[in-house]
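Data first, discussion second: the structure below is written as structure tokens.
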Amino acid sequence: MELQHDIKRGVKMYQYKDQEYEAVHFEGRDLRYGELINCVFKRCTFMNASMEEVETSNCRFIECDFKGASMNGSLHTESAFENCMFGGANLFASKFMACKMTGSDFSGAQMDGITLTKGDWSYTNLRHTRLGKQDLRGIRFFEADLSESDLTKADLRDCDLTRVSMSKVKLKGADLRGAILDGIDLKSLDWKGVRMDREQAVLLARSYGAKVD
């Protein structure tokens, strides 16, 4: 089945529910202003597709290719994007609410103005991503790559940052209280202006050889 619809700016003109697609090629298609509910896409290609303002809820995208896709203004609620590729995709002002993004690669994607709320971003490639001033509370970033990303003044309270790659990350003014920092080279980070809780302060002091009673 193909996604076919008429376009009318600002109005949802197609809705697909409980559909499943495998190895379907949607590259270059005009898929704007649609709504996908409880759909499953396995190894589908959306390269260079127009997906502005698409809304997904409870969908699963497994090993799908979104390279070069225009997804600005899209809204995703409790959907899963597992091991997907977003290289060069436009995600400006998109929103991912309580989504599972494990293993997905965002290298080279336009992510300015993106909103991440809760969810699981474990094993993702988020290198060079600008997430300054974002409310990222409670997100699971387990073993994600945040190298050289900008987290200035980001709210990272209660995040799982276990074994996250944070080389050259900007943390000034960030709030890390309650975050799990296991497996991170704390001495490699610039802690200037960072808010932390007592347990983290003790952990940091011990990483420098201090004996804390």
Go through the range 42-95 residue by residue and tally those that are out of contact with any Asp or Glu (no Cβ under 8 Å at 6 or more places or on another chain), outside any loop (DSSP other than H, G, I, E, B) and of a type in the set (Phe, Trp, Tyr).
-> 1
Complete set of residues in the range 123-140 that are more than 9 Å from the chain's Cα centre (by Cα) and either part of a loop (DSSP other than H, G, I, E, B) or at positive phi (or both) = TYR123, ARG127, HIS128, THR129, LEU131, GLY132, LYS133, GLN134, LEU136, ARG137, GLY138, ILE139
Can you tell me which residue within the range 147-169, out of those that are over 12 Å from GLY183 (Cβ atoms) and touching a Ser or Thr at 6+ places or on another chain (Cβ under 6 Å), is surrounded by the most Cβ atoms within 10 Å (Cβ to Cβ)?
-> SER149
Kindly establish whether ARG163 is touching a strand residue (DSSP E or B) at 6+ places or on another chain (Cβ under 8 Å), in contact (Cβ under 8 Å) with a residue 12 or more places away in the chain and in a loop (DSSP other than H, G, I, E, B).
-> no
Considering residues of the range 116-133 that are out of contact with any Lys or Arg (no Cβ under 7 Å at 6 or more places or on another chain) and hydrophobic (A, V, I, L, M, F, W, C) only, the residue farthest from LEU171 (Cα to Cα) | LEU116
Among (1) surrounded by fewer than 17 Cβ atoms within 10 Å (Cβ to Cβ); (2) part of a loop (DSSP other than H, G, I, E, B), which single condition is ARG206 missing?
-> (2)
Regarding GLU20, is this residue over 21 Å from GLY73 (Cβ atoms), modelled with pLDDT under 95 and surrounded by fewer than 16 Cβ atoms within 10 Å (Cβ to Cβ)?
-> no
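The values are calculated or read from the model by the stated rules, or taken from the named source; none is laboratory data. Because the structure is predicted, anything quoted here is derived from the model rather than measured. Using ideal geometry, Cβ is built from the backbone for each residue, glycine included, and neighbour counts are taken over all protein chains shown.
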